[in-house]
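In what follows, a single structure is set out as structure tokens and then discussed.
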Amino acid sequence: MTVTSGRFTGKRAVVTGASSGIGRATAKRPVAAGGRVALTARGQERLQEVAAEIGADHDVLVLPADCTDEASITAAIDQAATHFGGLDIVVSNAGIELLGQDDRVDRLRLDVWQRLIRNNLDGQFLTCKAGIKHLLHGGGGAVVCVGSNCGYLGMASNEPAYSASKGGVFAMMRVMAIDYAREGIRVNMVVPGFIDTPMNEPVMRDPAELRYWSEQIPIGRAGAAEECAAAILWLASDDASYCIG
């Protein structure tokens, strides 16, 4: 999918988890189509790398923030809105997966459960809470959450905490879509399958594992972060003006 030139002209976006993977790919696309973007993640150095890849001739704001800390993520999103004079798009993407620590329930440590819920569910809640306030103030906009098919298919054996966290995002997104539709805010979610990102690097490096997972996919391969970014930005664009939930 090619980004239409000017598709995001004048649009102001904030993307969490923008330092790698799907977030990194997503952050690059609005500016290629005339938009402005604020990049948030924990690591400033990696965010600066993304900003450099986008180019100095674009309006890109680097805002290190921790989406699990309400004060931190709220301050970053407020700063983005102040810099841009408002917001139109919030992409709530940041999340983690703790392979080797997440485990079936009888063996799962509470601290692992809490860390996954805090990062993947609390983090998206806090991002949406801070971002939607600015969308309301501006008269509307789009929110796109990034989920996982683990959240509603129960397909990830030995990953109950990750699956529960993503299931929570799915439920939250559906309710937000209803709550804000009449106020001009469209809320949707992209559900990536098996994607070639740093999170899945251990599988991508293992030929047997990669072959196994590829065989489960009708198209026969892992997806690319850029393919997820295309779906996210379609939902964020006016082309998806009748899509919610």
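The values are calculated or read from the model by the stated rules, or taken from the named source; none is laboratory data. Keep in mind that what you see is a predicted model, and the values were worked out from it rather than measured. Cβ placement follows ideal geometry from the backbone for every residue including glycine, while neighbour counts extend to all protein chains displayed. Accessible surface areas use protein heavy atoms only, side chains included; no ligands, DNA or RNA. Shrake-Rupley method; radii C 1.70, N 1.55, O 1.52, S 1.80 Å.
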In this structure, the FRET efficiency calculated for Arg221 and Glu70 from their beta-carbon separation, with R0 = 51 Å, to the nearest 0.05, is 0.85
Compute the helix-to-body angle for 123-138: its Cα long axis versus the longest principal axis of the chain, expressed 0 to 90° and rounded to tens.
20
When a/c is below 1.5 the answer is rounded, else prolate if a/b is larger than b/c, else oblate, so apply that to segment 130-236 with a ≥ b ≥ c taken from the square roots of the Cα gyration tensor eigenvalues.
prolate
With equal scatterers on the alpha carbons only and no solvent term, can you work out the Debye log10 of I(q)/I(0) for segment 149-211 at 0.14, 0.23, 0.28 1/Å?
-0.55, -0.99, -1.15
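Using only alpha carbon pairs under 8 Å that are at least six residues apart, calculate the relative contact order of the chain and give it in whole percent. Don't skip to the end; give the middle numbers.
Working: 486 pairs, mean separation 47.4, N = 245.
Computed value for the chain: 19 percent relative contact order.
Taking the Cβ-Cβ separation of Cys243 and Lys133 as r and a Förster radius of 22 Å, what is the calculated FRET efficiency to the nearest 0.05? Walk me through the numbers on the way to the answer.
Details: r = 22 Å, r/R0 = 1.01.
That pair, Cys243 with Lys133, gives E of 0.50.
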Note to self: with every protein chain in place and a 1.4 Å probe, segment 1-82 gives an accessible area per residue in Å² of 43
Rounded to a whole number, what % of the accessible area of segment 121-245 do carbon and sulfur atoms account for, probe 1.4 Å?
55
Please compute P(r) over all alpha-carbon pairs of the chain, binned at 10 Å starting from zero, and give each bin as a whole-number percent.
8, 33, 37, 18, 4, 0
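Kindly sort Val105, Val50 by accessible area of their heavy atoms, largest first, with the probe set to 1.4 Å. Working shown, then result.
Working: Val105 110, Val50 0 Å².
So, going from the largest accessible area down, we get Val105, Val50.
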Tell me the mean residue ellipticity at 222 nm calculated for the chain from its helices only (DSSP H runs of n ≥ 4, each -39500 (n - 2.57), averaged over every residue, nearest 500).
-14000 deg cm²/dmol
Relative to the first principal axis of the alpha-carbon coordinates of the chain, what is the inclination of helix 160-180, with its axis defined by its Cα atoms, in degrees from 0 to 90 and to the nearest 10?
30
The equivalent-ellipsoid semi-axes of segment 38-107, taken as the square roots of five times the Cα gyration tensor eigenvalues and listed largest first in whole Å, are 29, 16, 10
